[in-house]
1. Scanning the range 360-385 for residues that are within 12 Å of the ligand (Cβ to nearest atom) and not in a helix (DSSP H, G or I), which turns out surrounded by the most Cβ atoms within 10 Å (Cβ to Cβ)?
2. Would you call LYS367 without any contact (Cβ under 8 Å) to a residue 12 or more places away in the chain, over 18 Å from ASN234 (Cα atoms) and either of a type in the set (Gly, Ala, Ser) or out of contact with any Gly (no Cβ under 8 Å at 6 or more places or on another chain) (or both)?
3. Looking at the range 386-404, is at least one residue β-branched (Val, Ile, Thr) and over 17 Å from the mean Cα position of the chain (by Cα)?
4. Check the range 66-73 and report whether any residue there is free of Cβ contacts under 8 Å to residues at least 40 places away in the same chain and surrounded by fewer than 24 Cβ atoms within 10 Å (Cβ to Cβ).
5. Can you find even one residue in the range 119-138 that is in contact with a Pro (Cβ under 9 Å, 6 or more places away or on another chain) and more than 16 Å from the ligand (Cβ to nearest atom)?
6. Is the range 212-235 home to any residue that is free of Cβ contacts under 8 Å to residues at least 40 places away in the same chain and on the phi > 0 side of the Ramachandran plot?
7. Need a quick list: strands (runs of 3 or more DSSP E) entirely within the range 162-254 having at least 2 residues that are out of contact with any Cys (no Cβ under 9 Å at 6 or more places or on another chain) and open to solvent by less than 10 Å² (accessible area, probe 1.4 Å).
8. So how many residues does the range 139-159 have that are within 26 Å of LYS95 (Cα to Cα) and either within 12 Å of the ligand (Cβ to nearest atom) or not in a loop (DSSP other than H, G, I, E, B) (or both)?
Amino acid sequence: MGDSALEKARLVDKKIAGGKAGKLAGMIVAVKDILAIRDVRTTCGSKILETFHSPYSATVVERLEKEDALIVGKTNMDEFGMGSSNENSAFGPVKNPFDPERIPGGSSGGSAAAVASECAMTALGSDTGGSVRQPAAHCGVLGLRPTYGRVSRYGLIAFASSLDQVGIFSQNAEDCASVLEAISGFDERDSTSVNCEVPSFSSDLGMDVRGLRVGLPSEYFQSGLQADIQVKINELCEMLEQNGASIQKISLPLTDYGIAAYYLICTAEASSNLARFDGVRYGSRIDTKEDLKHMYCETRSRGFGEEVKRRIMLGTYVLSAGYYDAYYRKAQKVRTLIRKEYDEAFGRCDMILGPTTPTTAFRLGEKINDPMEMYLSDIYTVTAPLAGLPAISIPAGKDTNGMPIGIQLTAPAFQEGLLLKLTEYIQLHMESHDL
Ligand code: GLN
């Protein structure tokens with residue numbers, strides 16, 4: 001991809017000279033390997049797609065190219081987006097740029113690390129239950145998950161279709177806003193994309209927080225939250241209050257059920273979505289001398305990693321007759337209640353503030369043999385996707401080990417503009433207040 005990016009850069013230089021360049025001219029972008037780029041290898045972090053070259057590009061990739069962004073490479077990820085540490089990639093883990101002994105977060109760990117280490121100015125990732133916000137928090141960069149329906153998922157390899165959304169990593173609100181503006185909007189090739197106007201996020205930046213009501217859910221601040229993260233949130237709230245915002249104590253009691261509902265729904269959807277990788281239509285095939293079923297079995301057993309197989313089995317189980325009502329249907333009901341709980345909360349505040357993660361980046365290997373522990377690290381990020389809401393993780397200083405802290409803002413549907421405005425405000429003011 002390097003050569004074609006250089007070639008494109010020369011072309012964009014000419015366009016700039018001629019005054020005809022697109023809005024993202026010269027922006028260096030990395031793309032998570034779950035998004036298709038025409039004629040480029042698209043592995044999804046999986047052995048089963050190791051040799052797969054996509055015959056077409058994702059809509060978001062086409063839109064970036066149209067605005068003259070320079071796509072310089074694909075980034076490593078947890079296989080099919082399943083993971084919180086990037087250790088589930090068939091191609092080895094990504095390391096945290098702040099400490100190579102620690103995880104960068106997942107599943108878009110490569111994109112977060114690429115922006116944090118300045119290999120790229122912005123990067124695309126995907127967020128099903130936190131895969132943009134959580135690695136952004138661990139790598140000290142911004143990570144935005146837009147509203148479900150805001151950005152087309154055509155060309156995004158499906159993990160859990162009712163939750164998957166393309167997200168953006170950047171260093172600042174301005175770059176994030178420009179990329180969001182470019183990739184948003186209706187796409188007839190994604191039936192879930194919403195046909196509504198795309199605001200000019202980048203020119204709308206700039207805000208005064210006077211009168212802004214920021215909600216702090218009490219459930220976010222219980223045992224398990226690392227003390228340094230709590231301290232940063234307190235400092236941030238003080239700063240916002242000093243400048244005229246009001247901090248509202250709110251309650252989101254269903255937060256505790258988020259992990260259970262999310263892992264039931266996403267595994268159910270994954271078990272169905274991943275049925276297409278059978279050695280016939282996509283990727284590699286293990287040819288055996290026996291019958292077709294044996295070929296399917298060998299291809300999938302050897303092509304998928306441990307976590308992917310665990311989720312396919314869990315998902316198949318929760319969808320099976322006899323268990324469907326007890327697990328899958330119940331999880332869907334909880335999902336509706338979570339959505340209602342957010343709706344009510346947004347009657348009392350304009351935005352919700354909290355931690356992105358319970359701790360800063362943990363060590364490589366620390367949780368890999370304990371899937372429950374790994375799943376629990378997603379506690380703060382899974383509920384916004386269940387409700388279809390936009391949310392952003394903002395870097396907010398470091399803990400005592402020098403590891404980045406992330407603070408999360410969640411807004412009502414289609415209010416990414418508000419998220420970006422407050423993000424810009426916080427980034428400017430945290431610096432001047434030395435927070
Ligand atoms: N960590 C979560 C999971 O493993 C989220 C993944 C994602 O958003 N793709 O499912």
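1. Filtering first and then ranking leaves THR381.
2. Working: without any contact (Cβ under 8 Å) to a residue 12 or more places away in the chain: no; over 18 Å from ASN234 (Cα atoms): yes; either of a type in the set (Gly, Ala, Ser) or out of contact with any Gly (no Cβ under 8 Å at 6 or more places or on another chain) (or both): yes.
So LYS367 does not fit the description; no.
3. Let us first name the residues in the range 386-404 that are β-branched (Val, Ile, Thr), namely 392, 394, 400.
So of that shortlist, the ones also over 17 Å from the mean Cα position of the chain (by Cα) come out as 400.
Yes, the range 386-404 contains at least one residue that is β-branched (Val, Ile, Thr) and over 17 Å from the mean Cα position of the chain (by Cα).
4. Scanning the range 66-73, I find no residue that is free of Cβ contacts under 8 Å to residues at least 40 places away in the same chain and surrounded by fewer than 24 Cβ atoms within 10 Å (Cβ to Cβ), so the answer is no.
5. No, the range 119-138 contains no residue that is in contact with a Pro (Cβ under 9 Å, 6 or more places away or on another chain) and more than 16 Å from the ligand (Cβ to nearest atom).
6. No, the range 212-235 has no match at all.
7. Details: elements: 165-170, 213-217, 246-250.
Answer list for the range 162-254: 165-170.
8. Result for the range 139-159: 9.
The values are calculated or read from the model by the stated rules, or taken from the named source; none is laboratory data. This structure is a prediction, so every number in the text was calculated from the model and none was measured. Please note: Cβ atoms are built from the backbone with ideal geometry, for glycine as well, and neighbour counts cover all protein chains shown. SASA here: full protein model, heavy atoms, side chains in, ligands and nucleic acids out. Shrake-Rupley method; radii C 1.70, N 1.55, O 1.52, S 1.80 Å.
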